[in-house]
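Okay, structure first, notes after.
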Amino acid sequence: MYFRNTNDGGAVNDPQLRQFEIEHSRQETGTAEEGSCSQDGADCSTSNDSNRYKKLLDGSYTLTVLNPASVEGGRGIQVLQQAVPMRTSTIKVEFQPGRAILVTQNVLRFRLYEPDLRPVGWAERTLQVDGVTIPDSRNVTDDGVTICKKDVYLLVLPTSSGTWSLCSNGESFGQRGPHNMGPARRVAEHRFIIVTGTRGPALVTAQLERLGVYLANLFHLTSDTTAPVVKDTELRTEDAELHNLIVIGGPQENSWAEGFIDTVPLRWDEKGMTLGDCRFAHPRTGALFLARHAGKGLSLVLMGNSMSGVEDVVQLGRPTIPPMTRSPFSNLVPDFILTGPDFQRSGPGGYLCAGFWGNQWDLRRELISCAC
């Protein structure tokens, strides 16, 4: 299986060049000013290679995040979870000698780490977050430390108050974070397998396999990615856990679909689908949704009340403006979409429901738009 590494453009994204830069630019986090040579024309005769340019920088900095999965962080801070997902979050930082003052907005969980370049020196600073002093913040390891609001896993309303303290990484407790946030396209940012169903009649099984091959070809043509297409009866659990999954077909057609439906608020029966207070019973209804898979992994399920509904949501992966093609499901596809009978004629105007799941893979009214 062959996957290309993502590239943000430019030769400096070459892994070998980046490693070289990190190794030769990494600075110790000492505070001694001797020989820092921070000004042109200064006397640097007392400086040496081990302490030059190692003075910690002070000043202010603002980290702005819309999706924690899209921003790795800056100046030693990474947002891991938002109070209201997919809304603007900010952390304003004031670096002063010996301490750092943070003011957050729409943030429930974040990580401190020591950058390879331009060190912050967390071990030498006291930390204050929204007026709360974090006593153990100096214990920043290579993996960093996670800070969240106390009882964050029990919070329901984004306006709930909480006290900041050290905590563990919530993704292991079913919380969403950078590894399993949406939107839908992120299922293909890790090794993935396309799984087609075999539970239905022979004609349906053959059609699902054709749709799987169609998607695999789209990924190959648009992203140079080889995506294996596997039948649900042939996919081993140990292989599935190492990959993200794109599951084609609902519980009647695909044995893997039912387990993923149970992890999200969408409900299905032989007469249709239900999401919140909305019932979708029209035969030509399709559903595309992200679901939790194997801890920090993702699955993308494509199903419908009929094969026409399944075919409609598969078309959400179709390139929109050839030859300027995008990777499948990367154009205006959030965590979930339900399409209706007018989708073929109206495009997005034929959506019945669309939006993002909450932090616990729950339904949040402020994150969705439905017509039912």
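The values are calculated or read from the model by the stated rules, or taken from the named source; none is laboratory data. Quantities reported herein were computed from a predicted structural model and do not represent experimental measurements. Don't worry about glycine lacking a Cβ; one is built from the backbone with ideal geometry, like all the others, and counts go over all protein chains shown. All accessible areas refer to the heavy atoms of the entire protein, side chains included, with ligands and DNA or RNA removed. Shrake-Rupley method; radii C 1.70, N 1.55, O 1.52, S 1.80 Å.
Placing a pseudo-label 7 Å from each Cα along the Cα-to-Cβ vector at residue 168 and residue 16 gives an inter-label distance of 4.2 nm. Please state the shape class of region 195-290: rounded when a/c is under 1.5, otherwise prolate if a/b exceeds b/c and oblate if not, all from the C-alpha gyration tensor. Because a/c hits 1.5 or more and a/b exceeds b/c, region 195-290 counts as prolate. Summarising the amide proton neighbourhood of residue 339: residues at separation of 5 or more, or on other chains, whose placed amide H is nearer than 5 Å comprise 286, 287, 288, 352.
Could you give the length gained on full extension between residue 278 and residue 294, defined as 0.36 nm per residue of separation minus the Cα-Cα distance, in nm? Going from the current span to full extension adds 2.9 nm. Each residue of region 295-307 was assigned a 3J(HN,Hα) from its phi angle through the Karplus expression (A = 6.51, B = -1.76, C = 1.60, θ = phi - 60°), giving x, 9, x, 10, 10, 10, 9, 10, 9, x, 6, 7, 5 Hz with x at Gly and Pro. For the peptides 233-240, 118-125, the ranking by mean Cβ contacts within 10 Å, running from highest to lowest, is 118-125, 233-240. Cross-linked pairs 92/296; 271/296; 92/150: Cα-Cα separations exceed 23 Å for 92/296; 271/296.
Taking max minus min of the alpha-carbon positions on each principal axis, region 190-236 gives extents of 33, 22, 10 Å, largest first. Summarising the label geometry, the points placed 7 Å from Cα in the beta-carbon direction at residue 72 and residue 366 lie 3.1 nm from one another. Label sites at residue 242 and residue 318, each approximated as a point 7 angstrom past Cα along Cα to Cβ, lie 3.6 nm apart. Sequence-ordered 3J(HN,Hα) estimates for region 100-112 from the Karplus curve with 6.51, -1.76 and 1.60 and θ = phi - 60° stand at 9, 10, 10, 10, 10, 9, 6, 10, 10, 8, 8, 10, 9 Hz, glycine and proline given as x.
Binning the alpha carbon pair distances of region 220-339 at 5 angstrom intervals from zero yields the distribution 2, 10, 20, 23, 20, 14, 7, 2, 0, expressed in whole percent.
Ligands, DNA and RNA excluded, the heavy atoms of residue 181 present near 10 Å² of accessible surface to a 1.4 Å solvent probe.
Write down the Å³ per residue value for the convex hull defined by the alpha carbon atoms of region 299-372.
In region 299-372, the Cα hull volume divided by residue count equals 113 Å³.
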